[in-house]
Every structure is written in C-alpha cells, then in structure tokens.
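Colleague: Here it is, the structure, as structure tokens.
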Amino acid sequence: GLSAKFGCVEKPLWRQKLYTREMPRLVEGYKNAPADTKGHYLGALANLLVHIPRAAVEPDLPKVLPLLVQAIKANQPSAQSAALSLLSALIRPDPAAKSSPGASTVASLLQGHLVTLVSGLLEGARMRGQIKVRCLSLDCLSALPPLIPFSSLFPHRHLVTASLADCLSDHKRCVRARAAECRNAWYMMEG
C-alpha cells in the first residue's frame, strides 16, 4: 500500500478533505440521476462515509441520514452493507468523543425516518444470501429501543417482533443469536 516508507506523502486530514469535496457532488448527482442509477450514487456515498471519521460526518447528518436510509432499502448488497455499518457506528455512542452531540442527535434525526428505516432493516434482516447485511440489520434494530423514545417505537413493536420470527429459524447461528437478542430488546422496551 501507499505509505511514507514508499515515498508517498501522507497528510493527516485527507479523509475529511475527500469527504468535503465529494459529498456535495454525490448528493447532487443522486438528486439529478435517473431512477435506475440512483443506487450507484447511494453505494458510492455509503462507501465513502464508512471511511470518514464520525466527527466529520456529524455536522452533515441532516443531509446524509435520509440518503443512508435510502441506501439501506437499495437492492445493492455492498451499498446496504456500507450504509448499515455507518448507521451502526452512528447509533452506538462514541467513547472517544467528549463534546460530540452523538447518539441524541442521531436519535432525533432518525425519528423522522423511522417508518422507512424499520421496514428497510426488517427487509435486510430477511435478505437471503447476504449474512453481513442480515447481521448488521439485526444489530441496528436491536440498538433502536434504548436510543429512540418508547412513544415513537411502540407502533412498530408488533411488526418487528412478528417479522423477527423468520430470523429465529435462520440456518446461520449468528443470525439466530442476533435475532433473539433483537426480539428481546423490542419485547423489553419500557415506556
């Protein structure tokens, strides 16, 4: 790979520079693209965001989060996987950040996209042939009950617990374990 050992010049903020230069172009390209190529923009954006530090993404969350939710519902496993990885990282608290808005900001932004997000995560949890997408979808679903207020999640509780019954009989043990943990988190939600 490229490193200083091989004569490459490394700059510490190259990820942020790449993000600030390419993110607006990808968002604009997504908005202007025909329906059959929108998935490519979502995949590129999701794969770009996975490698960017969380602190650099947080100021743009109101613009980025709706596109992440769309990427989760896309029919491209690589875009779904990257979007789910980023969403999982955003949902979980960042121990390194001291003054970051963190999970509370993400929770308030997610509430506006909850219907689409829950349905996309349930589709991902039942996706055959893509174990990484299934596991990440279940991880994100299990992280929602402690993060989002009970009053917002309660209308989705029956749908989620009923839909996870299929995942409990999955042929992969790691999917079954995550489905059981997720279903328990949704059953144990407190109001």
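The values are calculated or read from the model by the stated rules, or taken from the named source; none is laboratory data. Model, not experiment: these values are computed from the prediction. Positions of Cβ are backbone-derived with ideal geometry, glycine not excepted, and every protein chain shown enters the neighbour counts. Accessible surface is based on the protein model in full, side chains and every heavy atom, while ligands, DNA and RNA are left aside. Shrake-Rupley method; radii C 1.70, N 1.55, O 1.52, S 1.80 Å.
Colleague: Of the residues in the stretch 178-191, how many are assigned to a helix (DSSP H, G or I) and either in contact (Cβ under 8 Å) with a residue 24 or more places away in the chain or under 13 Å from Ala125 (Cβ atoms) (or both)?
Modeller: Selection size over the stretch 178-191: 9.
Colleague: While we're here: Which of the residues that make up the stretch 74-85 are surrounded by 18 or more Cβ atoms within 10 Å (Cβ to Cβ) and not small (Gly, Ala, Ser)?
Modeller: Gln80, Leu84
Colleague: Within the stretch 108-121, identify whether any single residue is buried (at least 17 other Cβ atoms within 10 Å of the Cβ), at pLDDT below 85 and under 26 Å from Cys182 (Cα atoms), and answer yes or no.
Modeller: No, there is no match, as no residue in the stretch 108-121 is buried (at least 17 other Cβ atoms within 10 Å of the Cβ), at pLDDT below 85 and under 26 Å from Cys182 (Cα atoms).
Colleague: Does the stretch 151-173 hold any residues that are part of a helix (DSSP H, G or I) and open to solvent by 60 Å² or more (accessible area, probe 1.4 Å), and which are they?
Modeller: Within the stretch 151-173, Ser151, Phe154, Pro155, His158, Leu159, Asp166, Arg173 qualify.
Colleague: Does Pro66 count as in contact (Cβ under 8 Å) with a residue 40 or more places away in the chain and either closer than 24 Å to Leu122 by Cβ or open to solvent by 20 Å² or more (accessible area, probe 1.4 Å) (or both)?
Modeller: So Pro66 fits the description; yes.
Colleague: Does the stretch 124-147 contain any residue that is of a type in the set (D, E, K, R), over 16 Å from Ser81 (Cα atoms), without any contact (Cβ under 8 Å) to a residue 60 or more places away in the chain and open to solvent by 10 Å² or more (accessible area, probe 1.4 Å)?
Modeller: no
Colleague: Still on this structure, please answer the following. Any residue in the stretch 19-30 that is open to solvent by 70 Å² or more (accessible area, probe 1.4 Å) and at pLDDT below 85?
Modeller: no
Colleague: Cβ-Cβ under 9 Å, sequence separation 6+ or interchain: first residue in the stretch 69-81 and part of a loop (DSSP other than H, G, I, E, B) and at pLDDT 85 or above, partner among the acidic types (Asp, Glu) and open to solvent by 20 Å² or more (accessible area, probe 1.4 Å). Which pairs?
Modeller: From residues that are part of a loop (DSSP other than H, G, I, E, B) and at pLDDT 85 or above, the pairs are Lys73/Glu123.
Colleague: In the stretch 31-49, how many are hydrophobic (A, V, I, L, M, F, W, C) and open to solvent by 60 Å² or more (accessible area, probe 1.4 Å)?
Modeller: Residues flagged as hydrophobic (A, V, I, L, M, F, W, C) and open to solvent by 60 Å² or more (accessible area, probe 1.4 Å) within the stretch 31-49 amount to 1.
Colleague: Out of Glu22, Glu10, I need the residue that is of a type in the set (Asp, Glu) and more than 27 Å from Ser108 (Cα to Cα). Which one?
Modeller: Glu10
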